[in-house]
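These notes are about the structure you will find just below.
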Amino acid sequence: MSHTSPPSETLIKTKNLTKRFGRVLANDAINFKVKRGEIYALLGENGAGKSTLMNMLSGVYTPDEGEIRVHGKRVFFRSPEDSIRCGIGMIYQHFKLIEVMTALENIIIGHRENLFVTTPKIRRRVLEIARRYGLPLDPDKKVYDMSVGEKQTVEIMKVLYRGADILILDEPTAVLTPQEIKNLFAILRRMKEEGCGVIIITHKLHEVMEISDWVTVLRKGQNVGSVKTSETSYKQLADLMVGRSLDLSIEHVHIEEKTPVLEVRGLTLTDHEHVKKIDSVSFTLFSGEVLGVAGISGSGQKELCEALAGLYPVHAGKIFYKGENIVGLSSREIIDKGITMSFIPEDRLGMGLVASMDLTDNVILKDYYRSPGPFVDRKSAQEKTIKIIEDFNIQTPGPHHPVKLLSGGNIQKVLLGREIMSRPHLLITAYPTRGLDIASSYLIYDYINREKKKGTPILYVGEDLDVLLELCDRIMVLCDGKVTGVVDTDETTKETLGLLMAGETLESIERMNA
Amino acid sequence: MIQIVKKGETSKKKKILIHISALSFALLTASLFILIMGHSPLKVYLSMIQGAFGTSYRLSETIVKTIPLVITSLGIALAFRMKFWNIGAEGQIIMGAFGASWFALSYPHLPSWILLPLMALGGLIGGGLWALIPAFFRARFRTNETIFTLMLNYIALKWITYLQNGPWKDPGALGFPKIPNFHEHAVLPRLFGIHIGWLIALVLVALSALFINRTKKGYEIQVIGESENTARYAGINVPGTILTTIFLSGALCGLTGMIEASAINKTLSVEITGGVGYTAIITAWLANLKEPLIIVVSFLFAAMIQGSSYIQMAFQIPQSAAEILQGLILFFVLGSEFFIRYRIHIRRNPVKGVS
């Protein structure tokens, strides 16, 4: 790592960088600059060209036109190897770590200098780097024992060990808890002080405002503006991103008349190793209500949703739907009662959609069996699909396009569209906006509110606390499978939610405040 | 430096082009081999074609070899659609033939119109039940079906060997271990000079295509093949569907056994399959599990087998040499699948980033 140059030195400079994929102009003459000791946020909707730009900087793609200069010298990257040699390290959203190896082994893999995998010298050097940047690192911990945050630390360490002084992070906060995000930001600030240049790709505006010094907004492959973070606002950034003025408030619908629809009493779920995933949880969901479920990922949200949909065996407790206990019913019997679940797992296509099938075959996934006779009724299914495409404004060449070829946002719209079109009596939705850009996210909040106005009770499992507070009527917080508190969104704060998520109870918080 | 990159979709035109060039390379390589043996490659190839299609008798022989390949491929494709790797077709054919033979040997004097349907039933049930064993363990205990189905092939084979040497041994064969020949009532009739199996195969192709593409069960099979979790989420009875599908898959293979025993061998023997159970895995896969293509691929395969057995006689080439030709063709065609799925990037002199 060279720190001989003056602090305000330009690390990366691109000039008219252009990349085409077939007829699609992914990056159109992008000019972009990264200076030492500053954090840059790269903002843009899905498909705006953020990843293309970063992939050119990290040597994955070769530009069609334009030039990249690193430390003032023009470079031609032919592989990621070339780019890291110039000090550019990319941290991908999906970690590329070997689960059965330790942190240290993962850090030096592919970069060892002699026959022995880990020498005391290498170990000292790794720990030295970790200390300098304030990275909490346990070199001997196996990756499979690590939390998501720890894995990310190893990824960062990997590129630092290879001498990177320019760090590119692709949506680093998407999978982190609020506490882990705080830690990550502390690390990034430390790097900035140490003279690194940091680029973070994101579409979470409040994070941009919190961490970055400069913001560059891409739209449709073009750089539509680079602004100083301290001189801009949420509104200006969102408008730049979308290209039109956007209403950034989530409507909060109040429904007066409420009757209990779903009553969960003492629900306990255990996995096959008899570990309690949900521990005597009780709650009531009313009609015309959005009940939020908050919690660190893995607190039992997934299991709770699956149990309600009849996909997870119930160990103890009862689930009453309109007075009837639905525990023990098959998932099809529960679907027939109008309880629908749209669960967006981390990879979007895992459950809920069949990747290689076309839109139409995905739309009929949950009601194909209702048509009379032994044959699948694809004719009426196609009409329904066309209606969903129109209603939800899905970008697709047609109803017979495979869903795996759609963009993430459109895939999610297909899933949610199918669930809402089935006129549900109870909507369970988990992470419906995960990985979506702003415009699509707000569209989905609108659809949820529209359902709410019809009186449909909605269980909304979310991760963005700001959204949960705005969208939901009440929020139930889970920690380790237990309910630590149910709060009214009108009467609570983000801090309280954070403490509940960490395992405090409402009583203990009150005592703290007293 | 060579880099291997996964391709997205490959266009139909390109796929055909890749397959054709693979075939050309195979023939080219085989030519060298034929030259070394002292024959003219062109002559050998022409007589291969002659051997497969040259006379109406040879053509009918090729069709007779196509029939078991088509029906077995259909059975295998059904299981493969669900990502159930049934490589036990060989055993299912044998057990189907066993079921059919039991009827043929037990009730030889029943009229054909009763005996043949009974034998077909015996074939369907024999193959179906044999496939049901690994399906049950997969559905119930998530065992790996690949090894399981493979091992059952050997058990089925040894079962016939036992019958041949023991309980079903033909007393009239002068001590030679063989099972008695079927009564003529137990032999499939002919239509246009070829046993009626060809008509059965064509009907089954149409039915299979209809089943997988149009019916609800077919849809469920495809969903399970993509993801069992998604299938559960959609309310599909996953273990139940696995059991029915694999029973059907095995039953189709079993029917092949019945046809071969009845129309070709006119008895049950250990050579009943002629390796069809394995060859059909290749044909099903090359046909991309699509029913109409299965006919085409199976026919070409049968032609290749028929043609190479002809050149054995015509050129006095040993059987092993003909098999080498077959192997070369297979090697190139299957190998070319790689180029359909992946692309190769060749980068010259990986220089340093700064220049």
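Treat every Asp and Glu Cβ in chain A as -1 and every Lys and Arg Cβ as +1, leave all other atoms uncharged, and give the resulting dipole magnitude about the Cα centre to the nearest 20 debye.
Numbers: 66 positive and 69 negative charges, 369 e Å.
Roughly 1780 debye for chain A.
Read phi for every residue in the range B:151-165 and hand back ³J(HN,Hα) as whole Hz from Karplus 6.51 cos²θ - 1.76 cosθ + 1.60, θ = phi - 60°, with x for Gly and Pro.
Calculated HN-Hα couplings, in order: 5, 5, 4, 5, 4, 4, 4, 5, 5, 5, 4, 4, 4, 4, 8 Hz.
Among DSSP bridges having both ends in the protein assembly as shown, what percentage is antiparallel? Round to the nearest 5.
Of those bridges, close to 60 percent are antiparallel.
Give me the number: length gained by fully extending B:Ser40 to B:Ile155, i.e. 0.36 nm times residue separation minus the C-alpha to C-alpha distance, one decimal in nm.
Extending this stretch completely gives an extra 37.0 nm.
Report, to the nearest 10°, how far helix A:408-421 tilts away from the longest principal axis of the Cα atoms in chain A, using its own Cα long axis and a range of 0 to 90°.
10
By a straight-distance test (C-alpha under 17 Å), which lysines pair with A:Lys384 as possible cross-link partners, with residues fewer than eight away in the same chain excluded?
A:Lys366, A:Lys413
Say the dipole of the range B:65-302 comes from +1 at the beta carbon of Lys and Arg and -1 at that of Asp and Glu; which of B:Asn265, B:Ile147, B:Phe137 then lies farthest toward its positive end?
Toward the positive end, the furthest listed residue is B:Phe137.
Ignoring GluC sites (Glu not before Pro) that are buried or in helix or strand per DSSP, and keeping those with at most 13 other beta carbon atoms within 10 Å, what is the longest stretch of chain B between them?
B:10-270
Count, for each residue of B:224-233, the Cβ atoms from other chains sitting within 10 Å of its Cβ, then give me the mean as a whole number. The partial results should precede the final answer.
On the way: counts 1, 2, 7, 7, 0, 6, 10, 3, 7, 14.
Mean shielding count: 6.
About its Cα centre, what dipole magnitude does the protein assembly as shown give when the only charges are +1 on Lys and Arg Cβ and -1 on Asp and Glu Cβ, stated in debye to the nearest 20?
Here the size comes out at about 2860 debye.
Using θ = phi - 60° and the Karplus form 6.51 cos²θ - 1.76 cosθ + 1.60, what ³J(HN,Hα) does each residue of the range B:240-252 get, whole Hz, x for Gly and Pro?
So the J values, rounded to whole Hz, are x, 5, 4, 4, 4, 4, 6, 4, 4, 4, x, 5, 4.
What FRET efficiency comes out for the pair A:Val227/A:Glu510, r = Cβ-Cβ distance, R0 = 45 Å, nearest 0.05?
Details: r = 43 Å, r/R0 = 0.95.
Working from the Cβ atoms, E equals 0.55.
Which aspartates and glutamates have a Cα less than 19 Å from the Cα of B:Lys14, not counting those fewer than 8 places away in the same chain?
Within the straight-line cut-off, B:Lys14 pairs with B:Glu337.
Taking chain A as the reference, fit the longest principal axis to its C-alpha atoms, fit the long axis of helix A:148-161 to the helix C-alpha atoms, and give the angle between the two in degrees, 0 to 90, nearest 10.
On a 0 to 90 degree scale, this one is about 10.
Taking each residue of B:206-216 in turn, how many C-beta atoms of other protein chains fall within 10 Å of its C-beta, and what is the average?
Neighbouring Cβ atoms belonging to other protein chains average 2 per residue here.
Using only the alpha-carbon atoms, how far is helix A:178-193 inclined from the longest principal axis of chain A? Give it as 0 to 90 degrees, nearest 10.
Here the helix axis deviates by roughly 10 degrees.
Can you work out ³J(HN,Hα) from phi for every residue in the range A:501-510, in order, using Karplus 6.51 cos²θ - 1.76 cosθ + 1.60 and θ = phi - 60°, giving whole Hz and x for Gly and Pro?
Each residue of the range A:501-510 in turn: 5, 7, x, 6, 10, 4, 5, 5, 5, 4 Hz.
Take every DSSP beta bridge with both residues inside the range A:260-513 and express the antiparallel ones as a percent of the total, to the nearest 5.
Values: 21 of 38 bridges.
The antiparallel fraction comes to roughly 55 percent.
Do the alpha carbons of any pairs in A:Lys96/B:Lys12; A:Lys277/B:Lys217; A:Lys142/A:Lys276; A:Lys387/A:Lys453; B:Lys65/B:Lys217; A:Lys453/B:Lys217 sit beyond 29 Å of each other, and which pairs?
A:Lys96/B:Lys12; A:Lys277/B:Lys217; B:Lys65/B:Lys217; A:Lys453/B:Lys217
Below 18 Å, Cα to Cα, which lysines can A:Lys228 reach? Residues fewer than 8 away in the same chain don't count.
Partners found: A:Lys13, A:Lys33, A:Lys35, A:Lys192, A:Lys204.
Quick one: if you stick a label point 7 Å off each Cα along the C-beta vector at A:Asp466 and A:Thr62, how many nm between them?
With each label placed 7 Å out from Cα toward Cβ, I get 4.2 nm.
May I ask you to list the GluC sites (Glu not before Pro) in the range A:237-312 that are in a DSSP loop and have at most 12 other Cβ atoms within 10 Å of their Cβ? Show your work: numbers first, answer last.
Values: sites: A:Glu251, A:Glu256, A:Glu257, A:Glu263, A:Glu273, A:Glu289, A:Glu303, A:Glu306; in loops: A:Glu251, A:Glu256, A:Glu257, A:Glu273, A:Glu289.
The qualifying sites are A:Glu256, A:Glu257, A:Glu273.
Quick one: net charge around A:Leu468, please, counting Lys, Arg +1 and Asp, Glu -1 for every other residue with C-beta under 12 Å from its C-beta.
-3
Just B:Gly75, B:Gly51, B:Gly250 to compare: in a GNM of chain B, with alpha carbon springs under 10 Å, which one fluctuates most?
Highest fluctuation of the listed residues: B:Gly51.
Using alpha carbons only, how many angstrom separate the centre of the range B:200-256 from the centre of the range A:124-160?
49
Among DSSP beta bridges lying fully in chain A, give the percent that are antiparallel, nearest 5.
Working: 44 of 80 bridges.
Roughly 55 percent of the DSSP beta bridges within chain A come out antiparallel.
Of the options B:Leu46, B:Val296, A:Leu499, report the single residue whose Cα projects farthest towards the positive end of the charge dipole of the protein assembly as shown (beta-carbon charges: Lys, Arg +1; Asp, Glu -1).
B:Leu46
Readers should treat all values here as calculations from the given coordinates under stated rules, not as data from a laboratory. Computed from a predicted structure; not experimentally measured. Because the Cβ atoms are built from the backbone with ideal geometry, glycine has one as well, and the counts that use them run over all protein chains shown.
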